[in-house]
Amino acid sequence: MQTTASQRPALLMMPPGYENGHCFRELFEQPDSWQRTRAMVDSLGYADHVLDRQFSDEELHAWFTMLRKWGLKMELEVGAVKEWGPTGQKTFDAEHCKWDRFIRLGGEISSIGMDEPLCCVRKALHKSDDYAVTETADFIVRVRKAYPAMLIGDIEPYPFIPLADLKTWAEALDKRLAELGVRGLDFFRLDVNWAEFVVLEHGNWQEVKKVEQFCRQRRLKFSLIYWASGQPEFQRRGMSDDSTWYVSTMQQGYDYAHVNGKPDQYVVESWIECPSHSVPETEQFTFTRSVLDFAQRFVPGHKTAASRPDGE
């Protein structure tokens, strides 16, 4: 049976933001150089504070117009509880002005991914998980009230946060939101440092699959980041280049497919200083080439999407 667009999993790409966002800029200044990739992608993502800092009103207005023409959704990676915003209110107050700027310039924010609130509370604020639940829920309440159509997901690291704790966290957060009369999470995303599976014998893909199954049981969309987990260490040793990004990201695709992993959303994302360029998709090891080849190999329903015209 043919997989329809509504049935197939989503594909989100988030290019790196280093060197004043030149990889993001390339996507809009050279649109003809990634047409096949664009036909496969559902959403383009970027960190809200980086998008706000790097680009002018004129640039963003033009680019948001192009996104609408292409039929691409936009996702922002945002804070929820951070060192600079230790409460949901402080973080929301600091961020919503950026979102309002994007909306004023024609941006349509389809979704936000909260950047590791539980991890931040544990690692940086050294407070309890109950505190993380309370403040993250407060942040979500504020977003739901101000932007009711916006989808909200949580991003947490694994194996830094153990499997059992991830489940407890998701359950506790949704319970708190239900008590407040607010819709729960729309998706749950894992940022997997899979190099630790081999180097430290810490974590494994079977447990990631258990998180996926947990999400399915709760009718919660499971989202997974694909990236070159070992590349920062290889960079430190002088052993990496753009091919390392490509090969490593594809390897993660194979590894999770080996345990029959099937996310609801595949996220090809780089926050490291690699690859060096986003385009063209015809050149080996660019960011869009990695997204194109990854989608064709691993994302169900995307093999034939490359023939779809922009805007359909």
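Give me the residue from the stretch 193-240 that is of a type in the set (Asp, Glu) and assigned to a helix (DSSP H, G or I) and, out of that set, surrounded by the fewest Cβ atoms within 10 Å (Cβ to Cβ).
Per the criteria, the residue is Glu233.
Would the stretch 42-61 turn up any residue that is of a type in the set (S, T, N, Q), free of Cβ contacts under 8 Å to residues at least 40 places away in the same chain, surrounded by 18 or more Cβ atoms within 10 Å (Cβ to Cβ) and on the phi < 0 side of the Ramachandran plot?
yes
I want to confirm something. Restricting to the stretch 97-116 and keeping residues that are touching a Gly at 6+ places or on another chain (Cβ under 8 Å) and not β-branched (Val, Ile, Thr), which single residue is surrounded by the most Cβ atoms within 10 Å (Cβ to Cβ)?
Across the stretch 97-116, the extreme among qualifying residues is Gly113.
Hey, any hits in the stretch 213-220 for a residue that's modelled with pLDDT of 95 or more, touching a Ser or Thr at 6+ places or on another chain (Cβ under 7 Å) and closer than 18 Å to Ile161 by Cβ?
No: zero hits.
I need every pair where a residue in the stretch 169-189 that is free of Cβ contacts under 8 Å to residues at least 24 places away in the same chain has its Cβ under 9 Å from the Cβ of a residue that is part of a loop (DSSP other than H, G, I, E, B) and of a type outside the set (D, E, K, R), sequence separation at least 6 or different chains.
Taking only residues 6 or more apart or on different chains, the pairs are Lys175/Gly184; Ala178/Gly184.
For residues in the stretch 5-35 being among the polar types (S, T, N, Q) and part of a helix (DSSP H, G or I), which is farthest from the chain's Cα centre (by Cα)?
Among those residues, the one meeting the criterion is Ser33.
Please go through the stretch 233-254 and give me each residue that is over 19 Å from the mean Cα position of the chain (by Cα) and within 19 Å of Pro157 (Cβ to Cβ), ordered by number.
Glu233
Give me the residue from the stretch 276-301 that is over 19 Å from Asp32 (Cα atoms) and of a type outside the set (A, V, I, L, M, F, W, C) and, out of that set, surrounded by the most Cβ atoms within 10 Å (Cβ to Cβ).
Gly301
Test Arg38 against the criterion of being under 30 Å from Pro9 (Cβ atoms), touching a Phe, Trp or Tyr at 6+ places or on another chain (Cβ under 7 Å) and assigned to a helix (DSSP H, G or I), and give yes or no.
Yes: the conditions hold for Arg38.
How many residues are of a type in the set (S, T, N, Q), part of a helix (DSSP H, G or I) and either out of contact with any Leu (no Cβ under 9 Å at 6 or more places or on another chain) or over 23 Å from Ala47 (Cβ atoms) (or both) when one looks only at the stretch 122-157?
1
Checking Glu83 against (1) surrounded by 15 or more Cβ atoms within 10 Å (Cβ to Cβ); (2) touching a residue at least 12 places away in the same chain (Cβ under 8 Å), which single condition isn't satisfied?
Only one criterion in (1) surrounded by 15 or more Cβ atoms within 10 Å (Cβ to Cβ); (2) touching a residue at least 12 places away in the same chain (Cβ under 8 Å) is unmet by Glu83, namely (1).
The values are calculated or read from the model by the stated rules, or taken from the named source; none is laboratory data. If you're wondering where the values come from, they're calculated on a predicted model, not measured in any experiment. Every residue, glycine among them, receives a Cβ derived from its backbone with ideal geometry; neighbour counts consider all protein chains shown.
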